[in-house]
Every structure is written in structure tokens, then in C-alpha cells.
Amino acid sequence: MPDVRPAVVSGLLHTSKDWSAYDPVAFETELANIELAATQTDDVDWSFSKYDNHISQLLDQHAPKRDDRRQPCRLACWFDIECHQQKKKTRHLEEVYRKTHLPQSRDNWQKALNGYRDLPRRKEQQYWNGRIGDTAAAQNPGSL
């Protein structure tokens, strides 16, 4: 049996905005008072740069960034790279169908979806059959 280890979603540190104290009226007031609102220029790059800087500063002021620690999420032991790729392919085909609404796209998506539904079940069954058939696990059922 191949070496199958649980996949771990990487990243323990998550950065987000603290919107709890956000005041949209104060934000709108300060946004109206920025230099860009009073400046007339034809230089689009300068205007965009100024606007981006001001918006970033205002957002950092009104909704400061905070770092949260998150526990990694362990995936099922049998959910390997093959399952991941099949799921990704299925989602892509669903996206194609939702954009085009073509019958052929729907058929392709449905075939991939049916194949994906069977794959994790088959992988899970293979995993547990392999674990149960393992001699160490047969001698110590608690290790399952």
C-alpha cells in the first residue's frame, strides 16, 4: 500500500480587517476630503496611484488589519492528489457550463461529477481495507 498521509491545509496565520468599529459615515466624510476630489488632472496613472494610496490609508485607519491564528484543517486520509485534481476538473467544467449553458458542457460536467462522486468512496474503501488488512492493525485494532 502506498504511503498515504493526511493532507494539511497550509497557513496558520490569517490577516483580515477588523470591521467591528467601522463607521461608514466617517469614512465617506474623509474620502470626500481627500486631495484627489479637489484636483483636476489628465494624468490617469497619478490619479489612480493617489486614489489607491488614500483608500488604503483610510481603510487601514477605519478598519485596521488584524492577524488571527487558525488551526490547520486535516483532510480525510484517502483524499489524495488524484481526488483533488478530479474535484478541480469537475468544478472547472461546472463553471464552463454555468457560463455557456450549452448541453454539451452540461453533459461533460455531469460525467465528471458522477466520476468524482465515486472516486472518494472508492479511495476511502481502499484505504480502510488496506488498514484492516495490515498485520499491525490486525494485532492491535485500537490503532485503527
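Can you flag which of K99/K123; K17/K87; K88/K123; K17/K88 are past 23 Å Cα-Cα? Cα-Cα > 23 Å for K99/K123; K17/K87; K17/K88; rest within.
Anisotropy class assigned to the range 13-69 is oblate, per the alpha carbon gyration tensor with a/c at or over the 1.5 cut-off and a/b no larger than b/c.
Where a number appears in this text, it was derived from the coordinates with a stated rule and is not lab data. Given the structure is predicted, the values throughout are model-derived calculations rather than measurements.
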